[in-house]
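Read through the structure below, which is laid out as structure tokens, and then see the notes.
The values are calculated or read from the model by the stated rules, or taken from the named source; none is laboratory data. In this text, all values refer to a predicted model and were calculated from it rather than measured experimentally. Note: ideal-geometry Cβ built from the backbone for every residue, glycine included; neighbour counts use all protein chains shown. The protein model used for the area step is the full one, side chains on, heavy atoms only, and it has no ligands, DNA or RNA in it. Shrake-Rupley method; radii C 1.70, N 1.55, O 1.52, S 1.80 Å.
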Amino acid sequence: HYNYVPTYTGPGHAAIYTGATPSLNGIIGNDWWDPEWRKHRYVTTDERYRTVGSPTVKVGQHSPSVLLSTTITDELRLSNNFKSKVVGVCLKDRGSILPAGHIPDAAYWFDDATGNWITSSYYPDSVGLPKWVQDFNARRLPDTLLSKNWDKIVSGAYHESFSDWDRYNGGEYAKYFVGKKMPYDLPDLKKKGGYGLLRFTPFGSTYTLDFAMEVVNRMQLGADESPDFLCVSFSGPDYCGHQFGIHAEETEDTYLRLDRDIARLLDFLDKKFGKNNVLVFLTADHGGAETPVHLNALRIPAGVFPESKLEDELEKAIAAALGTPGNFIHEVGNQQIWLNWDAMADLDVKPEDVASVIIDFLRIQPGVYDAFTREELMMLPPEYPFAPETRRGIHPRRSGDIMFQLDPAWHADDKSFSKGGTTHGSPYPYDTHVPLVWYGWKIKPGETFARVNITDIAPTLAAMLRIMEPNGNQGKGIQEGVGGR
């Protein structure tokens, strides 16, 4: 389980690899209002560095500098004078950059414009893409993967998806899917979606795995006595879930194909190194919720909170209550509100008065469970629902001044919620409960239903590798079934 909120991709990858929650590692969302930058920021954006491998300027301007603690991958490199190699691979930039840590050998992510794997000048030997990466890109595998229809991998009905789900295919992450159903004519859809279409199909995971295995071979991972660390994240299930929802045939097909890709990876590792010479862990950066309009059709309480319109509504409420119009809010996002302290000082308005108006307004809105200032949050008793988890998601220099929590099955509005699709981010089990599977070296057969926190993965790896935990680690090593000698 994730032991903090918000449950998003950036914080999830950071927690897995640092053993720390956002309260220490600083990754409080995929994006947020940055008090230091005094503007909105994306988690790994870093304009000090340049794109390597694409003519698109911003797509590679990234680094892990925003991450405030070390990762288990950093600690592995530090433990043996950098003899261990570390590489991150993911279609998403943040899904590659954060796991690979501050001092990896390389990190690669996908460029929608070219269909290539790219990187940043932050990383070593990145004057240009290595020749082997250029050669891999030259094979134009995305063209091949998008040259055929996307149909079911097995014939007949899919029993874990809902047969009448087409009416909930209304997600707007990839509008070109709306109004259509399997089989999808990928060559035709590519004309509208470009190479970015690959992200929303199961073939994005296939492409990720093809490149990951190329990394192992070309960078000679596992070729000497020093353990190497390959961080692979498959983003396809996330994109698919956002677009189609968790009960769609597309989602089931995505997982069936991912299962085969994982089997292909394990077979590759077994044949190259032997099972007892490889340690694999498999988990997820967050869960996924039921589609609210579907729950409503079943008469189950659920809804979509209009967070994108909240800033304007709050500014009007503050002006009406205090008789002073102004720009009192920097940003609303991630169920947090960043106040404009300079504007309040200029207008001689007390911050507590502004906060009181905001909280009173929020508490009467449909779908809002409660709202509180950051100071009030810190004083809530531990038995208050999800107070500890919310506190663990707050960083003192980065998080908002006011937080609000939504009811179960409610989510902030999001481009996936026009008529269907889904999202994530809450403290509820559908977003926090993820799998954790271990395989290979030192792993005993078995299973457990005991609760494990996501922050327990990194210290477990540290114990097994006999190295230091990440420097912000808050987790505990897992005992059962792991680390047998």
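Among the residues of the range 3-17, is there at least one that is open to solvent by 40 Å² or more (accessible area, probe 1.4 Å), at pLDDT 95 or above and within 30 Å of Pro382 (Cα to Cα)? Let's see the steps before the verdict.
Going through the range 3-17, the residues open to solvent by 40 Å² or more (accessible area, probe 1.4 Å) turn out to be none.
So far as the range 3-17 goes, no, none of its residues is open to solvent by 40 Å² or more (accessible area, probe 1.4 Å), at pLDDT 95 or above and within 30 Å of Pro382 (Cα to Cα).
Taking the range 402-423 as the range and being touching a Gly at 6+ places or on another chain (Cβ under 8 Å) and modelled with pLDDT of 95 or more as the test, the residues that pass are Leu406, Asp407, Ala409, Trp410.
Residue-wise test of (1) in contact with a helix residue (DSSP H, G or I) (Cβ under 6 Å, 6 or more places away or on another chain); (2) without any contact (Cβ under 8 Å) to a residue 40 or more places away in the chain.
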residue	(1), (2)
Asp259	no, yes
Phe268	yes, no
Asn277	no, no
Thr283	no, no
Gly287	yes, no
Thr291	yes, no
Ala297	no, yes
Gly303	yes, no
Asp312	no, yes
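Okay, residues lined up against (1) open to solvent by less than 10 Å² (accessible area, probe 1.4 Å); (2) of a type in the set (Gly, Ala, Ser); (3) out of contact with any Ser or Thr (no Cβ under 8 Å at 6 or more places or on another chain):
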site: Gly19; (1), (2), (3): yes, yes, no
site: Arg50; (1), (2), (3): no, no, no
site: Leu67; (1), (2), (3): yes, no, no
site: Gly88; (1), (2), (3): yes, yes, no
site: Lys92; (1), (2), (3): no, no, no
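Somewhere in the range 214-224, is a residue without any contact (Cβ under 8 Å) to a residue 12 or more places away in the chain and assigned to a helix (DSSP H, G or I)? Yes, the range 214-224 contains at least one residue that is without any contact (Cβ under 8 Å) to a residue 12 or more places away in the chain and assigned to a helix (DSSP H, G or I).
Determine, yes or no, whether Met403 is free of Cβ contacts under 8 Å to residues at least 24 places away in the same chain, in contact with a Lys or Arg (Cβ under 8 Å, 6 or more places away or on another chain) and open to solvent by less than 60 Å² (accessible area, probe 1.4 Å). Judged against the criteria, Met403 is not a match.
Within the range 230-246, the set of residues being farther than 25 Å from Leu279 by Cα, in contact with an Asp or Glu (Cβ under 9 Å, 6 or more places away or on another chain) and either open to solvent by 10 Å² or more (accessible area, probe 1.4 Å) or of a type in the set (Ser, Thr, Tyr) (or both) comprises His242, Ile246. Might you check whether a residue that is under 25 Å from the mean Cα position of the chain (by Cα), farther than 30 Å from Val216 by Cβ, of a type outside the set (A, V, I, L, M) and surrounded by 19 or more Cβ atoms within 10 Å (Cβ to Cβ) occurs anywhere in the range 308-328? No.
Arg398 - would you say it is in a loop (DSSP other than H, G, I, E, B), open to solvent by 10 Å² or more (accessible area, probe 1.4 Å) and either farther than 30 Å from Asn169 by Cα or in contact with an Asp or Glu (Cβ under 6 Å, 6 or more places away or on another chain) (or both)? Taking the combined requirement at face value, the residue satisfies it. One residue stands out among those in the range 430-469 that are open to solvent by less than 30 Å² (accessible area, probe 1.4 Å) and of a type in the set (Ser, Thr, Tyr): the one that is nearest to Arg77 (Cα to Cα), which is Thr460.
Across the range 312-339, which residue is nearest to Ile402 (Cα to Cα) among those that are β-branched (Val, Ile, Thr) and modelled with pLDDT of 95 or more? Spell out how you get there, then give the answer.
Within the range 312-339, the subset β-branched (Val, Ile, Thr) is 318, 324, 329, 332, 337.
After this cut, where a residue has to be modelled with pLDDT of 95 or more as well, the list is 318, 329, 332, 337.
Details: Ile318: 14, Ile329: 11, Val332: 9, Ile337: 5 Å.
Among those that are β-branched (Val, Ile, Thr) and modelled with pLDDT of 95 or more, it is Ile337.
When every residue of the range 471-479 is checked against the conditions, none turns out to be in a strand (DSSP E or B) and either in contact with a Cys (Cβ under 9 Å, 6 or more places away or on another chain) or open to solvent by 30 Å² or more (accessible area, probe 1.4 Å) (or both). Scanning the range 24-37 for residues that are open to solvent by 60 Å² or more (accessible area, probe 1.4 Å) and in contact (Cβ under 8 Å) with a residue 12 or more places away in the chain yields a count of 2.
When Ala138, Ala106 are checked against the criterion of being of a type in the set (A, V, I, L, M), modelled with pLDDT of 95 or more, under 26 Å from the mean Cα position of the chain (by Cα) and under 18 Å from Met213 (Cβ atoms), Ala106 stands alone in meeting it. Tyr369 satisfies every condition listed in (1) surrounded by fewer than 20 Cβ atoms within 10 Å (Cβ to Cβ); (2) in contact with a Ser or Thr (Cβ under 8 Å, 6 or more places away or on another chain); (3) closer than 24 Å to Glu290 by Cα except (2). Candidates Tyr195, Tyr176, Tyr184: the one that is more than 28 Å from Ala263 (Cβ to Cβ), surrounded by 15 or more Cβ atoms within 10 Å (Cβ to Cβ) and either touching a Ser or Thr at 6+ places or on another chain (Cβ under 7 Å) or aromatic (Phe, Trp, Tyr) (or both) is Tyr176. Touching a residue at least 60 places away in the same chain (Cβ under 8 Å), loosely packed, with under 15 Cβ neighbours inside 10 Å and touching an Asp or Glu at 6+ places or on another chain (Cβ under 8 Å): which single residue out of Trp165, Trp132 fits that description? On inspection, the qualifying residue turns out to be Trp132. Can you confirm whether Leu189 is touching a Lys or Arg at 6+ places or on another chain (Cβ under 7 Å), at pLDDT 85 or above and not charged (D, E, K, R)? The answer is no for Leu189.
Just one of (1) in contact with a strand residue (DSSP E or B) (Cβ under 9 Å, 6 or more places away or on another chain); (2) closer than 24 Å to Ser96 by Cα; (3) part of a loop (DSSP other than H, G, I, E, B) fails for Met182. It is (2).
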